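Inspection log for the structure reproduced underneath, given as structure tokens.
The values are calculated or read from the model by the stated rules, or taken from the named source; none is laboratory data. This is a predicted model, so every value here is computed, not measured. Virtual Cβ from ideal backbone geometry, glycine too; neighbours counted across all protein chains shown. Each accessible area value is taken on the protein alone, full model and side chains, heavy atoms only, with ligands, DNA and RNA left out. Shrake-Rupley method; radii C 1.70, N 1.55, O 1.52, S 1.80 Å.
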Amino acid sequence: MSEAKAGKPALAGLVRSGDAQTEAVAITDFIFMAKDISNAYLVTTGDGDLMVNTGFMDNADRNVGLLAPHRTGPMRRIILTQSHADHFGGVPEFSDEGTQVIGGPGYAENWADMKRLQPFFGPRSAKLWSGTLNRGSAPKRPPEVTPDLIVEGRHAFEQGGRRFELLHTPEGETTDGLTVWMPDERIAFTGNLFGPVFLAMPFLCTIRGDKPRSVRSYLKSLETVRDLGAEMLITGHGDPITGADRIAADLDRMHAAVSWVRDYTLDGMNAGRTVHELMRDIALPENLTIGEFHGKVSWAVRTIWEEYAGWFRYEDGTTALYGVPRSAVHGDLAQLAGGAGPLADRAAEYVAENKPLQALHLTDIALDAEPEHEGALIAKKAALEALLAASGGSNLSETMWLKAEIGAVEKALGTP
């Protein structure tokens, strides 16, 4: 049975699954896993050890301790499947003298961009993830990690009797993505190429904010992994996926589903439909249904639209070309409506009619004009709660956003 049909552990549980881990998970007699926001994997060889990712900096000492009983010699190499801190955060703790750190093309540039934009990304990430990760404090500062080797395309090496190939597979989450292939054992480490949950719609542009990921490049990377004929896929989260037939079938399904969304979007553009119409109306055929645990089908439509057509949509009109948003006249609209009260009343009616999005459009206007208007805040909270209930809680990104928004409204109302 496919994972989309069988059900999955909640994504929030996956990223926190290492909290209670007391010993490393033995995937084989030479591969061991420390669970983390993105998992760290130890591979033992006849000539020292190798790591595929090292986990988050806050958990580095824990991960070292979990994997220590399985160490067989010096750490010869650390391979980073992408330039996010939950992959390289433990590099200093795992490194020995002479350890070679390997990354993908653009690693340094991508990490530099993330650092430069921390004042922008930090609060956005905190809004979404602080309630899920329950850190209690800000994370440690990420270490400065500069790879000793950058892999362009494909790089093969042998270590202690084991053969490895590193393949550039961009756009799962970063352009510098790498897949680690062990051809003799037919094992592929894919990192977060397929997102935090396997057999799911990719998150082509995150709510936190990120460089949009090209659907074309994503599909090519998927094809690269599919062509390996792996008998085991070890991803960034959860248990390995095993069985060549199952892996091939799941990758075929993901490729077909994402291709279908791309074609649906481009055909809709040609037919003169707006991006909001396409987002609203899309429904994957049943035989192509995959999970929507982090990314969503409707969000993929929007990202694909903007990948092919850019940010300007003609239906937004002339004002979209300039630096004065529609919110600039929210005060005028509220005044013309007789104040925030009538808008709040109509928003409440929309909630009762099961039209929470229309309600939120009105509460945005009302609260821009009168930020503390109780009726508008109550209507907004009701609309958000309706969206949360309708979501079913299956998509972590959507759930985190809605809960954070509800919390902000409750704070404004002075209620728990």
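Couple of notes before you dig in:
- Taking the criterion of being at negative phi and touching a helix residue (DSSP H, G or I) at 6+ places or on another chain (Cβ under 6 Å), the residues of segment 388-416 that qualify are 388, 391, 396, 398, 400, 402, 404, 405, 406, 409, 412, 413.
- For segment 154-174, the candidate set comprises residues that are buried (at least 17 other Cβ atoms within 10 Å of the Cβ) and of a type in the set (Asp, Glu); within that set, the residue that is farthest from residue 226 (Cα to Cα) is 173.
- Of the criteria (1) touching a helix residue (DSSP H, G or I) at 6+ places or on another chain (Cβ under 6 Å); (2) free of Cβ contacts under 8 Å to residues at least 12 places away in the same chain, which one residue 291 fails: (2)
- Residue list for segment 279-298, filter: within 12 Å of the chain's Cα centre (by Cα) and not small (Gly, Ala, Ser): 292, 293, 294, 296
- Looking only at segment 14-30, and only at residues there that are in contact with a strand residue (DSSP E or B) (Cβ under 8 Å, 6 or more places away or on another chain) and of a type outside the set (S, T, N, Q), the one that is surrounded by the fewest Cβ atoms within 10 Å (Cβ to Cβ): 26
- The set of residues from segment 224-252 being under 20 Å from the mean Cα position of the chain (by Cα) and modelled with pLDDT of 95 or more comprises 225, 233, 234, 235, 240, 241, 250, 251.
- Every residue from segment 31-47 that is open to solvent by 10 Å² or more (accessible area, probe 1.4 Å) and either of a type in the set (Gly, Ala, Ser) or within 20 Å of the chain's Cα centre (by Cα) (or both): 35, 37, 46
- Matching helices (runs of 4 or more DSSP H) fully within segment 83-200 where at least 2 residues are among the hydroxyl-bearing types (Ser, Thr, Tyr) and out of contact with any Ser or Thr (no Cβ under 7 Å at 6 or more places or on another chain): 118-133
- Selection from segment 285-317 of residues that are over 22 Å from residue 199 (Cβ atoms), among the charged types (D, E, K, R) and exposed (fewer than 13 other Cβ atoms within 10 Å of the Cβ): 315
- Among residues of segment 136-157 that are under 19 Å from residue 179 (Cβ atoms), those with a beta-carbon under 8 Å from a residue that is among the basic types (Lys, Arg) and open to solvent by 70 Å² or more (accessible area, probe 1.4 Å) at least six positions away or on a different chain give the pairs 156/163; 157/163.
- The residues in segment 175-220 that are surrounded by 24 or more Cβ atoms within 10 Å (Cβ to Cβ), touching a strand residue (DSSP E or B) at 6+ places or on another chain (Cβ under 8 Å) and closer than 23 Å to residue 308 by Cβ can be counted, and the count is 4.
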